[in-house]
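Chemist: Below are the structure tokens for one structure; questions will follow.
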Amino acid sequence: MRISPDDITRHSLWKNPSWVAQSLDMTEGMRRQTGGGVMVKCPWHAENSASLSIRLCRDGIVIAHCFGCGESGTVLALVAAKNGLNNYGGDFQRVLEIASEMVGGDVPRLGLFHRSPVPPPEYPPRDEVAFLWQSTEACSSQMSGWLSSRGLDPFHPGVRWLGQAALWLPDWCKSWTASDHRVLIPLYDSDGIMRSVRARCVDKNNKRKELAPSGFSAQGLVMANPVALSLVRNAELAGDVVISEGGPDFLTMYGKPNTAVFGIFSGSWSHGLARQLHGATVEVRTHVDKAGEKYYQEIANSLPIGGGTTVVRSTLEHGYKDDNEALQHGWRPW
Ligand SMILES: [Zn+2]
């Protein structure tokens, strides 16, 4: 008899949260909760005390939720996390195999299922992103005073200019030329595939400084220079890694030799990217404020522990007390 992923997650052994913790080797520091649930250390972020709750929900499925980093999922997500796999896409068959071995069941064949069970975030259609990119040109000093006003090279290789040339534009960016959101920065997923763009307004009086494709997710997407792209595409770690916050600082760091430079904004950071940085010296350049502190913590907590991975927060290291002081040392907040 063929069994489905749902059959596995509903297997009777997995209705017992402490058995789940035991079978996944997660009992160190485990605390029992009223109602049969347990608290254990989270497999998605590094922590010293247990903040991951595993409990049986009313629909008969065990759910894990971390109060520290906010991740959650079924036993399959836990099996994936503990084995360094994704619980969707190409890894999913392996996750099912491990999970069914654990409960002594048959291995389901992924071919039976038409969709991956955890749908990836919805980005703009890839051909439309590609079309938009082909409709752009290199920036120049006539085009973007914004780059120069930020002390950036007007011919910066990391950005493109959305001109009048395009006769047709996708619905999600039709208004961008009218509102002068013309400087485009490409966004990549953790495999280095271009998935979307951010558009920066060149009109100083426009309050909406920046736009993203309306109606689509940008979750898990980052800005990346060529060294960073080669890192995520070919798993080639050639030098140091810099993670910067926001467009201008990313563009400032873009040309640093032998350095993989990533740029993040809210929602960018992903465990998929964190896994790619194993063994790297990672410099996190975030602003000296609450949001910057949150980004730093999120990144530092998600990076693989050991194996030579080092994380440095450059603002703290240099002792800047706020953004103004950091600005005097070459920082460019939005
Ligand atoms: Zn967590």
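Read-outs throughout are calculated quantities, based only on the coordinates presented, and are distinct from any laboratory measurement. Here the structure is a predicted model, which is why all the values come from computation and not from measurement. Because the Cβ atoms are built from the backbone with ideal geometry, glycine has one as well, and the counts that use them run over all protein chains shown.
Chemist: Tell me the Rg and the Dmax, in Å, that the Cα atoms of the chain produce.
Modeler: 22.5, 68
Chemist: Loop only per DSSP, at most 16 neighbouring Cβ atoms within 10 Å: give me the GluC sites (Glu not before Pro) in the stretch 118-217, ordered by residue number.
Modeler: E122
Chemist: Another question, if that's okay. Can you sort S214, S18 by how many other beta carbons sit within 10 Å, fewest first? Please report the intermediate quantities before stating the final value.
Modeler: Values: S214 11, S18 16.
Exposure proxy ranking, most exposed first: S214, S18.
Chemist: Specify whether the C-alpha gyration tensor of the stretch 215-276 places it in the rounded, prolate or oblate class, a ≥ b ≥ c being the square roots of the eigenvalues: rounded for a/c under 1.5, otherwise prolate if a/b is larger than b/c and oblate if not.
Modeler: oblate
Chemist: A follow-up question, please. At each listed q (0.13 Å⁻¹), what is the log10 of I(q)/I(0) that the Debye formula gives for the stretch 121-218 modelled as equal alpha-carbon point scatterers?
Modeler: Log10 I(q)/I(0), no solvent term: -0.42.
Chemist: So for C66, C42, fewest C-beta neighbours within 10 Å to most, what's the order?
Modeler: The most exposed by this proxy come first: C66, C42.
Chemist: Report, to one decimal in Å, the Kirkwood hydrodynamic radius for the stretch 250-304 based on all distinct Cα pairs.
Modeler: It is 12.1 Å.
Chemist: Could you give the spread of the C-alpha atoms of the stretch 5-112 along their three principal axes, from largest to smallest, in whole angstroms?
Modeler: Dimensions of the stretch 5-112 along the principal axes of its Cα atoms: 39, 26, 21 Å.
Chemist: Let me ask something else. How far, in nm, would the chain grow between N16 and S230 when pulled straight, counting 0.36 nm per residue and subtracting the alpha carbon separation?
Modeler: Values: separation 214, 0.36 × 214 = 77.04 nm, distance 4.39 nm.
72.7 nm is the gain from fully extending N16 to S230.
Chemist: Which of F262, F155 comes first, and how do the rest follow, when ranked by fewest Cβ neighbours within 10 Å?
Modeler: F155, F262
Chemist: Please give the contour-minus-distance gain from W133 to D7: 0.36 nm per residue of separation, less the Cα-Cα distance, rounded to one decimal in nm.
Modeler: Values: separation 126, 0.36 × 126 = 45.36 nm, distance 4.40 nm.
Net length gain for the segment: 41.0 nm.
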